[in-house]
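Reading through the structure tokens given below for one structure.
Quick note: the coordinates plus some simple rules give every number you see, no bench work behind them. Only a predicted model underlies this, so the values are computations on that prediction, with no experimental measurement involved. Ideal geometry is used to build each Cβ from the backbone, glycine not excepted, and the neighbour counts take in all protein chains shown.
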Amino acid sequence: MNSVINQITRHEWRYWHRTKLAFSVILIGTLLTIISVMVNTQSMQHTAHEREHLQQSSEAQFLDQPDRHPHRMVHYGHYVFRTPSPLSIIEPGVDAYTGTAIFLEGHKQNSAMFADQRQASGMTRFSSLTPSFLLQVLAPLFIILIGYASVTREKEAGTLNIIFTQGVNLRHLIIGKYLAIVSCGLMMLLPLIVAGIWATFDGESIFITGSFVIGYVFYILIWSGIVIAVSALSNKNSVSFAVLIAIWIAFCILLPRIGSSTAAALAPSPGKLEADFAVLDELRKLGDGHNAADPAFEQLKKNLFTQYNVDKIEDLPINFRGTVAQYSEKKLTDVLNIFAEKRMQEELAQAKISRLFGWLTPTTAMRSFSMIMAGTSLETHHRFLREAEKLRFDFVQSLNKVHQDSLSYQADANRYKNAETAKMARVDAKNWQVLSSFSFEPDSEITRLSRSFPYIIQLFFWLVAIGFIFRIAIRRIR
Amino acid sequence: MLLFSNITREAKFLFKQSYLLSLLSIVFLLSTFAVWSGISESNSQLSTIERLQEKDTIDRKNVLANQTSFGSAAYYSFHLTYSPPSAMAFAAMGQRDIYPWKHRVRMLALEGQIYETDADNPELSFLGRFDFAFLVSVLLPLFVILLLHDLRSAERESGRYDLLITTARKQQRLWLSRASVLCLALVGALLLPFIIGALTTQATLASIGLIVLVVLGHLLFWMFLTLSYTATNRAAKQNSAHIASVLLSIWLVVTILIPVVTDIIIDKLVESPNGGDIVMTQREAVNAAWDLPFSATWNEFLPTHPQWQEKTQMDSLFAWKWYYAFQQVGDQKASALSKTYRNAILKKDAMAGNFSYLSPAMMTQRLMSSIAKTNTIASMEYEQKIRNYHQKLRDFYYPLLFNETEFNYQIMSELPQFSEQIKISKNDKENS
């Protein structure tokens, strides 16, 4: 029985070898993937080095600052850069659309700046030369070109009945042809596997790259199944072809975009500016941290007076200005985080609506899975924002603590009087060491796997659906 | 007259085919969806701008109420700038999802603020929007190919071909009229929702006309390409599916391969400074000023603002005029880099424009977003407006700061406002 399937598969291969079309399609598909893997690997590595370098020089610059008033350093701020994940050589995901650098400073949460697409020529808004685009969008088309006639060809030539009279089981015939198409599709995956190995050497866990590649194998299995099923259900080559092309347009081009437009229309996100105003509303109640005389800090002052048993700010053993700075930064950050979190949840809700379209098209299911596994999805970008915020809060508060503990209130109050007092209102540059170094690591394996779980289910759903259609197809031919 | 009777005959014949009707209704539904989601996006942008304007006014009023000097008024008050979507933006959202269309600035160094982006959800931008421009530039050719590739071969395969060409008076005319009927039906299904949408958003007749021309141009290109390929001797020997796959490969090359390859070429050809360098330069310049003698700031500031030559004396180690002067110096130091950066974007865009002659899809996309004023150039114009407005703020505050005018709210009411016509009234349909 297996030998029959084997024979059919090999016969299919021989047929493709004879007809130039199928052969050149496989060749072009594989070549394109190789080229895209090479181009992408090169550019991603360049980007990774560049950002690592920028990160280091940004940290060095911060530490190199001279003796200063600590609050000057709060405003001097710091830059963090997001380094791309190893698998982004295959699936760059949202990387090109999110900012890659954030300026961290006191009292503010800035947005990420310098998204690559803003500096691009605009030619890659529909397509891009990334392995993920090729495999998710173009590979199905290539599979269609190779396989649309695999059953209808036999029907048109009348050879189907001859095969049956030779005693070949219909199911074996379909499986044999299916395996032939799958093997073609897998050839296009070869460069992906090589890139996956490369990413593993680059620090990605073997478990993740393994699951990543298996996901793509599933995708090839699904599309090969669609092609065979349609070919088996059609009576003519031309019908099979037209139907498959229509399915390809719908699945690969239309539905993913309709998903994105639907998400934007159903769950509009008000954007950061609008949240900023809401933050401002909240903040007005909190008081200005630059102004220790703001009535909002009256309670804080009273508490400190009782704690240290004094009745004048000047008599406090700590610098009240520094205390206020710490206090208000904490309050402010709490408010900022509430709104930032809300905004991220809104974005995620939008993304999830568009990912629901994975039930309607395997391409969206594949794309969601691929982005999450590669660590280039929206969730990872959000984590970058959260980690950057944590770093911001930590260094700002540490500087505020230096402000409170290492600088006397008197010297602080007189900082603008003359050159002498200005010098007194400085702290030693070794205090700048409070800045911890930033390196952005991909999410853990478990996080990525559990996050991609719904999309793994979607892919399974498609596999099962294909198996179901197979059964119908086999019954129909009889 | 003959052509007309040809066409009616073909129409009667073609519309009896159910697959054609279903394809046309799909196109109609897609176009309706694209137009609907575009209008909903446009409306949500407009109402966002309106809400922001309101909040901006309230916020500034609140901030100014607590101020006692012009310096702190300038420090604490933010100003909203925005770029409303044009009436045609619903059809081609263009680059509006990656370039900002709303931005708040204050009197500090602009180079530190202008790259902040309140961009759309990156995952949705990555997936791309399904707007009318996408339908026309990417999908329209596929519909044309699906409709016309088997014009001859279907007749051949069903054995009617020889009969048809012997009975037809002129062979060419037969195929042309059949193709025209199909394409007219296609373009009707495509344009009807668009025109209704454009009329409801009150787009100018000229811009509607231009978009229709672009759609027709793109359609005609693919119609003649398909017709001339199917008429070749080569195609005569191929079956329908084979013909379609050849046409599809052409589509693939001009719609996908040429754009991605030219993108790489453009990237290699145009040298662009790293955005990070601009903001770092600006930051170093601004922050170093605190530790440098005042003369360092004045020596840079006065050559560009000689009118304040006599007004640089300061009573204490801090004065707002000095603070804003070194903010200005920060911008000046970063300005060369920033200009190169912007020029690189414009140059890339111009080169993409030249390369788009090789890709009808890109050409269509670019033309439509240029008519809708949603392209890169429009975004860069908006950025320039922000810069001009920021300059106006400086022109307003500098005399007050340097002349040490007593703070009063009367003067603050003359604060320059960013204004951009947003509602298009019925009698003035011309969008600015």
Gain on full stretching of the segment that runs from B:Ile411 to B:Arg173 - 0.36 nm per residue minus C-alpha separation: 78.1 nm
Furthest towards positive pole of dipole, A:Ala157, A:Leu186, A:Ile89, structure part the stretch A:85-224, Cβ charges: A:Ala157
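I need the trypsin sites (Lys or Arg not before Pro) found in the stretch A:277-366, filtered to DSSP loop residues with at most 12 other beta carbons within 10 Å of theirs.
Values: sites: A:Arg284, A:Lys285, A:Lys301, A:Lys302, A:Lys312, A:Arg321, A:Lys330, A:Lys331, A:Lys342, A:Arg343, A:Lys352, A:Arg355; in loops: A:Lys285, A:Lys312.
Qualifying residues, ordered by number: A:Lys285, A:Lys312.
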Furthest towards positive pole of dipole, A:Leu360, A:Pro295, A:Phe339, structure part the stretch A:288-366, Cβ charges: A:Leu360
Placed amide H near A:Leu104: partners under 5 Å, 5+ positions off or other chain: A:His78, A:Tyr79, A:Val80
Spatial extent of the stretch A:30-75: Rg and Dmax, with the Cα atoms as the point set, Å: 19.0, 60
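Using a 10 Å cut-off around each Cβ, can you sort A:Met44, B:Met362 from fewest to most neighbouring Cβ atoms?
Values: A:Met44 23, B:Met362 26.
So the ranking, lowest neighbour count to highest, is A:Met44, B:Met362.
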Point-to-point label distance, B:Tyr357-A:Ser183, nm (Cα→Cβ direction, 7 Å offset): 4.8
Karplus-derived HN-Hα couplings along the stretch A:231-236 (A = 6.51, B = -1.76, C = 1.60, θ = phi - 60°), whole Hz, x at Gly and Pro: 4, 6, 7, 8, 9, 10
Chain A: calculated mean residue ellipticity at 222 nm from DSSP helix runs of at least 4, using -39500 (n - 2.57): -22500 deg cm²/dmol
The stretch B:298-332: chymotrypsin sites (Phe, Trp or Tyr not before Pro) in DSSP loop, at most 16 other beta carbons within 10 Å: B:Phe318
Summed residue charge, Cβ within 14 Å of A:Phe126's Cβ, Lys/Arg positive, Asp/Glu negative: +1
Positive dipole terminus of the stretch B:100-210, leading residue within B:Thr204, B:Phe132, B:His149 (C-beta point charges): B:His149
Bins of 20 Å, starting at 0 and running to the largest distance - Cα pair percent for chain B: 21, 41, 24, 11, 3, 0
Summed side-chain charge close to B:Leu52 - residues other than B:Leu52 whose Cβ falls under 14 Å, Lys, Arg +1, Asp, Glu -1: -3
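Enter the mean number of other protein chain beta carbons within 10 Å of the beta carbon of each residue in A:108-116, as an integer. Mind dumping the intermediate values first?
Working: counts 1, 0, 5, 6, 5, 8, 8, 8, 3.
Across A:108-116, the average partner-chain Cβ count within 10 Å equals 5.
Order these by the 10 Å Cβ neighbour count, fewest first: B:Tyr409, A:Tyr79, B:Tyr341.
Lowest count first: B:Tyr409, B:Tyr341, A:Tyr79.
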Sorted by Cβ neighbour density within 10 Å, fewest at the top, the residues B:Leu358, B:Leu199, A:Leu407: B:Leu199, B:Leu358, A:Leu407
MRE, 222 nm, helices only [DSSP H, n ≥ 4, -39500 (n - 2.57), over chain B, to nearest 500]: -22000 deg cm²/dmol
Computed over the stretch A:52-109, the ratio Rg/Rh where both radii use C-alpha atoms and Rh is Kirkwood: 1.11
Pairwise centroid distance, computed over Cα atoms, of the stretch A:382-449 with the stretch B:274-329, Å: 24
Residue-by-residue Karplus 3J(HN,Hα) for the stretch A:397-412, coefficients 6.51, -1.76, 1.60, Hz, glycine and proline x: 5, 4, 5, 5, 5, 4, 4, 6, 9, 10, 9, 6, 4, 4, 4, 5
For the stretch A:75-91, Karplus couplings with θ = phi - 60° (6.51, -1.76, 1.60), whole Hz, Gly/Pro x: 8, 4, x, 8, 10, 10, 10, 9, 8, x, 6, x, 6, 5, 5, 9, 10
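By the scheme Lys and Arg +1, Asp and Glu -1, what is the net charge of all other residues having a beta-carbon under 11 Å from that of B:Thr281?
On the way: positive: B:Arg283, B:Lys333; negative: B:Glu111, B:Asp277, B:Glu284, B:Asp331.
Spelling it out: positives minus negatives among the neighbours equals -2.
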Peptide B:252-263, shielding by other chains (average Cβ, 10 Å cutoff): 5
